[in-house]
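Heads up, the thing below is written out as structure tokens.
The values are calculated or read from the model by the stated rules, or taken from the named source; none is laboratory data. Owing to the predicted nature of the structure, the values given are computational and were not obtained by experimental measurement. Glycine gets a Cβ as well: all are built from the backbone with ideal geometry, and neighbour counts include every protein chain shown. The accessibility values were calculated without ligands, DNA or RNA, using every heavy atom of the protein model including side chains. Shrake-Rupley method; radii C 1.70, N 1.55, O 1.52, S 1.80 Å.
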Amino acid sequence: MLKGIPSILSPDLLKILMEMGHGDTIVIADGNFPGASLARRLIRLDGHGAAPLLDATLRLFPLDTYTDTPVKLMEVVPGDPVETPIWDEYAAIVEMHAPGTQIGRAERFAFYGLAREAYCVIQTGETALYANILLQKGVVLG
């Protein structure tokens with residue numbers, strides 16, 4: 001065990017976060033996301049929600065400051081009446097760890113394309129719909 005590492009971050013996930021370089025992306029996916037068919041690397045965290053994982057990840061993971069939107073959400077499909085209150089949770093978590101960071105959105109199939117190119121997809125047990133979020137890694141300063 002290590003001190004100061006959130007327990008939700010498994011050894012395999014910590015290894016992935018360390019391997020990633022500047023500009024690499026990672027997707028935190030909800031339970032409905034087609035992670036197994038899209039991911040180059042897949043880590044399963046079925047017993048966990050996406051918001052606690054986002055919080056734990058951003059404690060260690062710098063966001064890219066060389067892009068306008070280092071955080072992206074999957075847009076709701078037009079006409080789908082789904083509410084997305086988890087997006088407010090995500091925004092608060094991002095603001096706490098990286099104040100002023102802009103959060104972008106990507107159309108569903110464009111998001112799938114970004115996930116195919118991501119360094120890793122983390123499949124959670126999150127039950128909220130449209131709870132998929134992509135993070136672009138920045139550099140650790142000083």
_Just to be sure I understand the filter: pairs with C-beta atoms under 9 Å, separated by 6 or more residues or on different chains, first member in region 106-129 and without any contact (Cβ under 8 Å) to a residue 60 or more places away in the chain and outside any strand (DSSP E or B), second member among the basic types (Lys, Arg) and open to solvent by 50 Å² or more (accessible area, probe 1.4 Å). Which pairs pass?_
PHE111/ARG105
*asked:* Give all pairs with beta carbons closer than 8 Å in which a residue from region 15-36 that is within 15 Å of LEU73 (Cβ to Cβ) meets a residue that is open to solvent by 20 Å² or more (accessible area, probe 1.4 Å) and assigned to a helix (DSSP H, G or I); count only pairs at least 6 apart in sequence or on separate chains.
replied: THR25/LEU114; THR25/GLU117; VAL27/LEU114
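I need a count of the residues in region 68-92 that are in contact with a helix residue (DSSP H, G or I) (Cβ under 8 Å, 6 or more places away or on another chain) and not hydroxyl-bearing (Ser, Thr, Tyr). Can you show your working first?
From region 68-92, those in contact with a helix residue (DSSP H, G or I) (Cβ under 8 Å, 6 or more places away or on another chain) are 71-75, 77, 86, 89-90; that's our starting set.
With not hydroxyl-bearing (Ser, Thr, Tyr) added as a condition, the list becomes 71-75, 77, 86, 89.
Residues that pass the stated criteria total 8.
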*Does GLN123 count as touching a Lys or Arg at 6+ places or on another chain (Cβ under 7 Å) and either at pLDDT 95 or above or open to solvent by less than 60 Å² (accessible area, probe 1.4 Å) (or both)?*
yes
*Would you check which residues across region 6-38 are touching a Ser or Thr at 6+ places or on another chain (Cβ under 7 Å) and more than 17 Å from LEU63 (Cβ to Cβ) and list them?*
ALA29, ASP30, GLY31
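Can you pull out the helices (runs of 4 or more DSSP H) entirely within region 6-60 that have at least 1 residues that are within 23 Å of THR84 (Cβ to Cβ) and β-branched (Val, Ile, Thr)?
Details: elements: 11-19, 35-38, 50-58.
Filter on region 6-60 gives 50-58.
State whether the residues of region 114-127 include one that is more than 14 Å from the chain's Cα centre (by Cα) and hydrophobic (A, V, I, L, M, F, W, C). Write out each step before concluding.
Restricting attention to region 114-127, the residues satisfying the condition of being more than 14 Å from the chain's Cα centre (by Cα) are 127.
In the following step, the residues that additionally are hydrophobic (A, V, I, L, M, F, W, C) were identified as none.
No, that holds for no residue.
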